[in-house]
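Below you will find the structure I want to go over with you.
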Amino acid sequence: MCKQCGKETDANNVCPHCGSNPGTAEKTHKALILAIVGLVVNLLVWPGIGTLLGGIGTPGWKDARKKGIIQLCLFTLGAILSVVGIGIPIMIGVWIWALVSSIKQIKNA
């Protein structure tokens, strides 16, 4: 049974009626859930961790990993430098960058 159109089909093949692939649909659903979790983590916990989570299992995983590590390092550096005062704009900029990265991951999932 096809999950997209509801017609009978082989479980391992592409649906002849709508063209959907059951394996691809499940991967896309998992990628979307991870991207949404990544957005929430970037928003509420620590920017960069959500970018790493949202990129798991996607074709752009290496790019997401690089961005996430840079975001983590810059946000941590900003937190340390916030004692001096210069870190607060760095933290705000990285936070916005992490949110934009997560939104792009949701659109691409």
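Taken together, the values in this text are just the output of simple stated rules run on the coordinates, not laboratory data. For clarity, every value in this text was computed on a predicted model and none was experimentally measured. Note that each Cβ is placed from the backbone with ideal geometry, even for glycine, and that neighbours are counted across all protein chains shown.
Would you please give the residues with an amide H less than 5 Å from that of Ser82, counting only those at least 5 places away or on a separate chain, with H modeled from the backbone geometry?
Gly87
If r is the Cβ-Cβ distance from Glu8 to Trp46 and R0 is 41 Å, what FRET efficiency results, to the nearest 0.05?
The computed FRET efficiency comes out at 0.30.
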